[in-house]
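*Asks:* Quick one: this structure, given as structure tokens, is what I'll be asking you about.
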Amino acid sequence: MKSFRRFALYTTIATYFLIFIGGLVRVSGAGLGCPDWPKCFGRWIPPTNISQLPADMDRTLFNFTLAWIEYFNRLVGVTIGFLIFITAILAIKYYRKVARIWIPSVAALIFVAYQGWQGGQVVTSQLQPLLVSAHLVIALIIAGLLIYATQQAYYIDNPSADKNAIYPRRSKMWLTILWICGILQVILGTQVRSALEILEASFPTTPVAQLVTQIGVVNYVHSLLGILIAISTCYVGYIILKQSRNTSMLVREGARWMMILVLAQVALGLILMMAGVPAFMQLFHLWIASIYIGILFMLFSAFKKGVVDAV
Amino acid sequence: MPSDRKFPILIPIVAVLALILGLGGLLVIRTAEKSRDTLPILGSVPSFEAVNQDGTPFGLQSLQGKISVVDFMFTNCPGICPVMSGNLAKLYNSFSLESRLQFVSISVDPDRDTLAALQDYARGFGVNDSRWQFLWMPQADVVNLSENGFKLTAQDLPSGHSNRFVLVDQLGRIRGYYDGTDDDEVAKLTLDIPKLTKAI
């Protein structure tokens, strides 16, 4: 059903936009822009002026820009929740008998509802680091579920796609390794970020460029793993493009973009380390990692359809 | 899914979207960073009349044109005043080259705190110029200024005075409150003062 596939695709793209916005909240320091949840300073629409604050709220907490950045995140979150709701309805309507489509769609709906509540926990816990990281991980899970549902719908509409695909030997193993390392790398990235935050809080007057050198082991591991992932990704991407047969556009474009993105990631990582972790680069580093993970997952699902053999 | 044919169109679309996100993100981050450098405006100091430890009149107009850190104390204070004045003395010394900054300590014990007592107290903390002034005003006036002007409680004086340092900008507006006995909050005050000097 083309309408489901198209809608699910737009919802998936919108979810990645939301991940971008969430990253923007993080790097602009707007996480506590609205100190309460779900209302913002006791209102459904944030104050535009400090005089609009309720009498019992600490006025020093109010920052117009940060409040509205955080509120925009919540608005977009609700919108995506609504889009996922419609996706789930469409999945049940058109693919009631196809478990691999309606189950992930409904699961995405459940997760996004949970995500909304979890976002509230992030705020009330005053941005406890584990909860902040969990908020990102759940977002990636939701994106993954939507990718899966969309991709399965694509295969139903294009039954021959990737069915007769032949992949180079061990490429599936490599892909699995890459995917696991990618997730590990995201977790390591959150730890690098946490370590830096702790250093910034302890030494508020030291420039960030100097603090970066104090982060420690986790930074070295993250950097090293990043380079290894980049090399492996380019190897896997290359053999998929050159040595696979009968692959669909999903696989070809996926392989191509995963290489482009991983190289962009390494470049961003280098810039972050050398230029004192500029907020703008952090945002794209986080976002591109999320997209990369999604592409890997998409390729992984594609590989399941075809045959992995010596080519 | 768009077919292969449509892909050449997709790449410029993706590029434009990435550019919009990039520029938008940059703008938002810049605005957020600038907003964090801006201290909130929490109120305005009202008119008042006092004299400093040398007998010179000191009022609202003496606050204007300079950045001021204001607190309330009394010279016979056994508890928090030594800590508060000690912290102010640290700031007095570390900002010694900043002529746009002044410290104003207001006595809540006008009966016992004579001008001479205030001068002694000042000397005890190393005050040797006009950057730190100690004010004397009648009891009723000091209660009024503390409670209505600075929104700080002034019950059971002299010992019931507030422990807060108040940051006042060059237009006489209150820009922040800091617990003068808490090292972290004093550290935050140290970082907030330059945000106001930058604006002059």
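Just so you know, all these numbers are worked out from the coordinates, no wet-lab data involved. Keep in mind that this is a model prediction, so the values were computed, not measured. Cβ sites come from the backbone with ideal geometry, for glycine too, and all protein chains shown count toward neighbours.
*Asks:* Over chain A, what is the relative contact order in percent, taking alpha-carbon pairs closer than 8 angstrom and at least six residues apart? Don't skip to the end; give the middle numbers.
*Replies:* On the way: 380 pairs, mean separation 71.6, N = 311.
Relative contact order for chain A comes out at 23 percent.
*Asks:* Just how large is the dipole of region B:87-200 about the Cα centre, in debye to the nearest 20, putting +1 at every Lys and Arg Cβ and -1 at every Asp and Glu Cβ?
*Replies:* Roughly 520 debye for region B:87-200.
*Asks:* Right, here's the next one. Between B:Ala116 and B:Arg131, 0.36 nm times their residue separation minus their Cα-Cα distance comes to what? Don't skip to the answer; put the middle values down first.
*Replies:* Values: separation 15, 0.36 × 15 = 5.40 nm, distance 1.80 nm.
My answer for the length gained is 3.6 nm.
*Asks:* I want the local charge near A:Gln151. Using Cβ-Cβ distances under 12 Å, sum +1 for each Lys or Arg and -1 for each Asp or Glu among the other residues. All intermediate terms of the calculation are to be shown ahead of the outcome.
*Replies:* Details: positive: A:Arg5, A:Arg100, A:Lys304, A:Lys305; negative: A:Asp157, A:Asp162.
Taking every Cβ under 12 Å from that of A:Gln151, the sum is +2.
*Asks:* Do any cysteines of the protein assembly as shown lack a neighbour Cys whose Cβ is under 4.7 Å away, and which are they?
*Replies:* A:Cys181, A:Cys234
*Asks:* Taking chain B as a Gaussian network, Cα atoms linked when under 10 Å apart, which of B:Arg175, B:Arg164, B:Arg112 shows the biggest mean-square fluctuation?
*Replies:* Looking only at B:Arg175, B:Arg164, B:Arg112, the largest GNM fluctuation is found for B:Arg112.
*Asks:* Using a/c under 1.5 as the rounded threshold, could you call the protein assembly as shown rounded, prolate or oblate? The axes a ≥ b ≥ c are square roots of the C-alpha gyration tensor eigenvalues, and prolate needs a/b larger than b/c, oblate otherwise. It would help to have the intermediate numbers written out before the result.
*Replies:* Working: a/c = 3.63, a/b = 2.56, b/c = 1.42.
Prolate, because a/c is 1.5 or more and a/b exceeds b/c.
*Asks:* Let me ask you something else. Find which of A:Pro104, B:Trp132, A:Val76 sits farthest along the positive direction of the dipole of the protein assembly as shown, computed with +1 on the beta-carbon of Lys and Arg, -1 on that of Asp and Glu, about the Cα centre.
*Replies:* Ranked along the dipole, the leading option is A:Pro104.
*Asks:* What is the distance, in nm, between label points placed 7 Å from the Cα along the Cα-to-Cβ direction at A:Lys39 and at A:Tyr220?
*Replies:* For the pair A:Lys39/A:Tyr220, the computed spacing is 5.2 nm.
*Asks:* Let me ask something additional. By how many degrees, between 0 and 90 and to the nearest 10, does the Cα long axis of helix A:129-157 differ from the longest principal axis of chain A?
*Replies:* The angle comes out near 30 degrees.
*Asks:* Oh, and also: Does region A:16-134 classify as rounded, prolate or oblate by the C-alpha gyration tensor (a ≥ b ≥ c root eigenvalues; a/c under 1.5 gives rounded; else a/b over b/c gives prolate, otherwise oblate)? Don't jump to the answer; show the numbers that get you there.
*Replies:* Values: a/c = 2.82, a/b = 2.31, b/c = 1.22.
The shape class here is prolate.
*Asks:* Students often forget the sequence filter, so: which lysines lie under 26 Å Cα-Cα from A:Lys2 once same-chain residues fewer than 8 apart are removed?
*Replies:* Straight-line reach from A:Lys2, under 26 Å: A:Lys93, A:Lys97, A:Lys163, A:Lys304, A:Lys305, B:Lys6.
*Asks:* As I understand it, the value is the acute angle between the Cα axis of helix B:115-124 and the longest principal axis of the Cα atoms of chain B; what does it come to in degrees, rounded to 10?
*Replies:* 60
*Asks:* So how do A:Tyr148, A:Tyr10 line up by other beta-carbon neighbours within 10 Å, fewest first? Intermediate results must be reported in sequence, preceding the final value.
*Replies:* Numbers: A:Tyr148 23, A:Tyr10 13.
With the fewest neighbours first, A:Tyr148, A:Tyr10 line up as A:Tyr10, A:Tyr148.
*Asks:* A further question follows. Rounding to the nearest 10 and keeping the result within 0 to 90°, find how far the Cα-based axis of helix B:80-94 lies from the longest principal axis of chain B.
*Replies:* 60
*Asks:* Tell me, A:Trp117, A:Trp179 in order of fewest to most beta-carbon neighbours within 10 Å?
*Replies:* Details: A:Trp117 10, A:Trp179 17.
Listing A:Trp117, A:Trp179 from fewest to most nearby Cβ atoms yields A:Trp117, A:Trp179.
*Asks:* In chain B, with Lys and Arg counted as +1 and Asp and Glu as -1 at Cβ, which of these residues, B:Ser162, B:Ile193, B:Met84, has the Cα nearest the positive end of the dipole, that is, farthest along it?
*Replies:* B:Ile193
*Asks:* Something else about it: If we count other beta carbons within 10 Å of each Cβ, what is the order of B:Cys81, A:Cys40, A:Cys234, fewest first? List each step's numbers first, then the result.
*Replies:* Details: B:Cys81 24, A:Cys40 21, A:Cys234 15.
Ordered by Cβ neighbours within 10 Å, fewest first: A:Cys234, A:Cys40, B:Cys81.
*Asks:* For region B:1-127, go through all pairs of different Cα atoms, get the mean of 1/r, take its inverse, and jot down that Kirkwood value in Å.
*Replies:* Working: mean 1/r = 0.0513 Å⁻¹.
Roughly 19.5 Å, rounded to one decimal.
*Asks:* Something else about it: How would region B:44-196 be classified by its alpha-carbon gyration tensor: rounded, prolate or oblate, with rounded meaning a/c under 1.5 and the a/b versus b/c comparison settling the rest?
*Replies:* On the way: a/c = 1.24, a/b = 1.18, b/c = 1.05.
Rounded, because the longest to shortest axis ratio a/c is under 1.5.
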